[in-house]
Amino acid sequence: MAGHGDPPERTPDGPPGGDDEYGSVVFDESFVRAARIQELSARERMAGSEHAVRVRGSRAGAATRGPRRGPRQFLTLFVLLALAFGAAVYLGFRQPNRSPGTPRSAAQLRMTVIPLAPTGDVPGGTPAELLANSPAKDFHTGGRGIPTPPPKSTAHFSASQVGTALGIAKSYLVASAMNPDVLAGRDRDVVRKLLDPAQTGQFDRSFAAPEADGLHEPAGWLVSFDPGKVRQADGAVRAHGTMAFRESADQALEVTTHHTFVYVLRPAGRTAKDAASLFTVRRELRFRFDMGDLETKRAKLVQSDVDAGPEACSATARKAFAPLLAGASAPSGDPVEVDPFAPGRLTGDLCGALGAPGHAAPSHAARTHAAPAHSSAAH
């Protein structure tokens, strides 16, 4: 027997188009059960039903319920899509892994730049004579004067990562104090590209608008001379010093460098027969590295303390050092004597007196005036 959705079990015997086209069709029980519309009984019609027929079967129920369920499904789908989009935006802002090129926040470089004035006329002579009477005679030249300590692992940095940080610090020292183009004022980008991108704005402003405010003095970043006034009589830069590292409490790697650099200079345009003189720069720098800095081979320079001479005490906030050359003397003043070759802690402020190389030196370097609160010293 056929089901509710099946056609009648019997088909017409006669061909269509005859005199009695449907005469042989039998509307049996299966045909009646398969009908979608059912006529109400006499009792149901007498009960006052509004309709004479009713739709039966599961499809009718589905048709009746469908229109009411559709809007609810669309609303649910919209809510789910909104939640997914909101979650994606939230996770994007919370993403801890930044791309290497994304600038990260970095503390500003704090600096002190102290000119060291001569107490008499600046000694002159040949480069060989000057170096023979100076502690710099035992200094190495170039990168050999900046050795790095053996790298060892810390709590959160491997020995390899410590070695990378030491290498970046050394590269900065060589670029900023020994590169001929930097020394002649022809190029600063070789130094700039080694800095964390978040510090390049401070670096640029220091050269665009130098100011003796502890933040924007060019000498806090690098060593350079005015090529119109000074040139190197001996192209080799001599250096001596130490480098150390440690992990800070906030899980950053800190590298501290203490070095003295010595330059042999002559006036620009003069011949080799003219007397040369020595110019000495003592730099104490502190770098900080996080994992991102090690990946990008850049550094945050957070402290720079510089003594340089012979210079006049007024030689501050300039784009380049202004050395006093052989035979020159400092303007009148009363600076306290400073020997940049002497070991010990540096203290003080605005100007000092340059101790004569080869003579007895004080046990520590003192400076006149009050020291800025942000200055630091290194052993």
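Report the charge-dipole magnitude of the range 110-354 in Debye, nearest 20, computed about the Cα centre from +1 at each Lys and Arg Cβ and -1 at each Asp and Glu Cβ.
The calculated dipole for the range 110-354 is roughly 660 debye.
Over 30 Å between C-alpha atoms is what I'm after, so list which of LYS193/LYS319; LYS193/LYS273; LYS152/LYS319; LYS137/LYS193 land there.
Numbers: LYS193/LYS319 18 Å; LYS193/LYS273 39 Å; LYS152/LYS319 38 Å; LYS137/LYS193 33 Å.
Going by Cα-Cα distance, LYS193/LYS273; LYS152/LYS319; LYS137/LYS193 fall outside the 30 Å limit.
Ordered by residue, what ³J(HN,Hα) values in Hz, to whole numbers, does the range 124-141 give under the Karplus form 6.51 cos²θ - 1.76 cosθ + 1.60, where θ = phi - 60° and Gly and Pro are x?
With coefficients 6.51, -1.76 and 1.60, one gets x, x, 7, x, 5, 5, 5, 5, 5, 9, 10, x, 5, 4, 9, 6, 7, 9 Hz.
Extension gain GLN108-ALA84, at 0.36 nm per residue separation less the Cα-Cα distance, in nm?
4.7 nm
Just want the ordering: SER277, SER160, from fewest to most Cβ atoms lying within 10 Å of their own Cβ.
Ascending Cβ contact count within 10 Å gives the list SER160, SER277.
No lab work stands behind these numbers, since they all come straight from the coordinates. Since this is a predicted model, take the numbers as computed values, not measurements. Every residue, glycine among them, receives a Cβ derived from its backbone with ideal geometry; neighbour counts consider all protein chains shown.
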